[in-house]
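> Supplied in C-alpha cells, the structure appears directly below.
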Amino acid sequence: MNKFLSLLVVILVLCFSSSVSYANENGCSSWVQAREGYTCWAMSRACGVSLQSFMDTNGMDLNSCNYVQIGHDYCCN
C-alpha cells in the first residue's frame, strides 16, 4: 500500500509541475485559480481568452480539461 501511495504522489507532482513549468516558459503574467466546479471553459472566460487559447497556454487538451485541479493556478495569457 505504501508503494501505491508513493507512486500516486510522484504522479501528482509530475502532473502539477509540468503544467506550471509549461505556463512559466510562456511568460505568464496573469493567472486564474481553479475552484470547485470550474471548467476550462469557465476559466478561459474569466481570463477573457478563447478556450483554445487557454488550453494551448496551459499545455492542455479537451481530455485534460476533465481533470482541472482545484487550487491550481492556470495561466491566462
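> Would you call CYS15 modelled with pLDDT of 90 or more and either touching a Pro at 6+ places or on another chain (Cβ under 8 Å) or on the phi < 0 side of the Ramachandran plot (or both)? Write out each step before concluding.
On the way: modelled with pLDDT of 90 or more: no; either touching a Pro at 6+ places or on another chain (Cβ under 8 Å) or on the phi < 0 side of the Ramachandran plot (or both): yes.
Here the answer is no, as CYS15 does not meet what is asked.
> Right, something else. Go through the stretch 38-61 and give me each residue that's part of a loop (DSSP other than H, G, I, E, B), surrounded by 14 or more Cβ atoms within 10 Å (Cβ to Cβ) and not β-branched (Val, Ile, Thr).
TYR38, ASN58, GLY59, MET60
> On the given criteria, is ARG35 assigned to a helix (DSSP H, G or I) and either at pLDDT 90 or above or within 9 Å of the chain's Cα centre (by Cα) (or both)?
Taking the combined requirement at face value, the residue does not satisfy it.
> Residues of the stretch 56-77 being without any contact (Cβ under 8 Å) to a residue 40 or more places away in the chain and over 16 Å from SER29 (Cα atoms), which ones?
ASP61, LEU62, ASN63, SER64, CYS65, ASN66, TYR67, VAL68, ILE70, GLY71
> Being among the basic types (Lys, Arg) and touching a residue at least 24 places away in the same chain (Cβ under 8 Å) is the filter here, so list the residues in the stretch 29-55 that pass it.
ARG35
The values are calculated or read from the model by the stated rules, or taken from the named source; none is laboratory data. Only a predicted model underlies this, so the values are computations on that prediction, with no experimental measurement involved. Positions of Cβ are backbone-derived with ideal geometry, glycine not excepted, and every protein chain shown enters the neighbour counts.
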